[in-house]
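Report on the structure given below.
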Amino acid sequence: MKISIMKSVKVTLRLFATSMLVAASGCGSDNKSAPDAAVQADAAAPGGDPAGSATLKLASSATLGSYLTDGSGRALYLYSKDVPAASGAAASTAVSNCSGGCLTAWPVFHADTVAPGAGLNAADFGELTRADGTKQTTFHGWPLYYFASDMKAGDTKGEAVGNVWFVLRDPFYAMLVMSSPAQGGPALYLSTPDGMTLYYYAPDTVGAGSTPPVSSCTGGCLQAWPAFLASSAVLPSKVAAALTRFDRGGGVLQSAWKGHPLYLFTADKAPGDIKGDRVGNVWFVVDPMTLQ
């Protein structure tokens, strides 16, 4: 009888953990729940706060290329609703916006000392103090997380979940997807890898097929709205196929997304700023899910 009761209690606890993980995996507005949550709820989740030093290394995927993992090969992720750290005149620390139930599905990664593996640079890693006082490791300014449904080394089930979770690539991304609804912006928009918002200009001629775009922002316009050129082809899975580049003239190249030339706004001073959205009703952030 005692064995039967204990077995019933274990089953009840397992079912409760499973329901909690499924509820948390979407992290609020994220529109996709964690895959294999029932299996993961019965296993020890990775993450937490490993003591001492931790080796970080690179793994390779045929679809994702080279990406960041912990020493045991568990994939690490960034969250598009976070704000990366900034350096220079506008220096600021990273901000994590994953808390509460979100952390059940996306445990933070932290190591007191990072030991970068082959191909990684120690200078690309940092640390933030979260709102609850705990620490979290960053890579290129972005806070690092696990995905609880990744069961083993090589799993990348968290890639593009809710269109806001992505593995950490190396070489790092040339462009990212961000989300700052708290600032009144759209749910998703494109940014530089350091979190500076990208815009499109309504008067531009949109490129189509073999016909390249034509930028209508010239002269003084470019002083306020510098043309953006992606530094590489390393892009999130949601935007890779839509990015192109064109010649503005004289061999000066500019990136375009779905044929729309891309720009920065000089009044944006910190990662996550979206001060250029709707300026003059002709400048807009680039929402990768709705822009045609």
(request) Taking 7 Å along the Cα-to-C-beta vector as the label spot, tell me the Met289-Glu127 distance in nanometres, rounded to one decimal. (result) 3.6 nm
(message) Please list the three semi-axes, largest first and in whole Å, of the ellipsoid equivalent to the stretch 247-292, using sqrt of 5 times the eigenvalues of its alpha carbon gyration tensor.
(response) 20, 15, 10
(request) Would you work out the charge dipole size for the stretch 177-285 about its Cα centre, treating the Cβ of every Lys and Arg as +1 and the Cβ of every Asp and Glu as -1, and quote it to the nearest 20 debye? (result) 100 debye
(request) Take the Cβ-Cβ distance between Ala115 and Leu229 as r, set R0 to 41 Å, and report the resulting FRET efficiency rounded to the nearest 0.05. (result) 0.75
(request) Please compute the net charge surrounding Thr156, taking Lys and Arg as +1 and Asp and Glu as -1 over other residues with Cβ under 12 Å from its Cβ. (result) +1
(request) Take the alpha carbon atoms of the stretch 45-172, find their radius of gyration, then divide it by 2.2 N^0.38 Å using N residues; give the quotient. (result) 0.97
(message) Could you work out how much longer the chain between Leu253 and Ala160 gets when fully extended? Use 0.36 nm per residue separation minus the Cα distance between them, nm to one decimal.
(response) 30.6 nm
(message) What do you get for trypsin sites (Lys or Arg not before Pro) in the stretch 81-184 restricted to DSSP loop and a cutoff of at most 11 other Cβ within 10 Å of the site's Cβ?
(response) Lys152
(message) Among the listed pairs Lys135/Lys157; Lys152/Lys258; Lys157/Lys269; Lys135/Lys238, which have their C-alpha atoms separated by more than 27 angstrom in this model?
(response) Lys152/Lys258; Lys157/Lys269; Lys135/Lys238
(message) Quick check: net charge around Ala224, other residues with Cβ under 13 Å of its Cβ, Lys/Arg +1 and Asp/Glu -1?
(response) 0
(message) Taking a ≥ b ≥ c as the square roots of the Cα gyration tensor eigenvalues, with a/c under 1.5 meaning rounded and otherwise prolate when a/b beats b/c, else oblate, which class fits the stretch 144-292?
(response) prolate
(request) Give the Debye-formula value of log10 I(q)/I(0) at each listed q (0.14, 0.20, 0.24, 0.35 Å⁻¹), with one equal scatterer per alpha carbon of the stretch 66-108, two decimals each. (result) -0.46, -0.80, -0.94, -1.14
(message) Pairs of alpha-carbon atoms within less than 8 angstrom and 6+ residues apart define the contacts here; what relative contact order does the stretch 169-287 have, in percent?
(response) 33 percent
(message) Can you tell me which aspartates and glutamates have their Cα less than 20 Å from the Cα of Lys57? Leave out same-chain residues fewer than eight positions away.
(response) Asp49, Asp70, Asp112, Asp124, Glu127, Asp150, Asp155, Glu159, Asp170
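Laboratory data are not the source of any read-out in this text; all were calculated from the coordinates shown. What you are looking at is a predicted structure, and each value in this text was computed from that prediction instead of being measured. All Cβ positions, glycine included, derive from the backbone under ideal geometry; neighbour counts span all protein chains shown.
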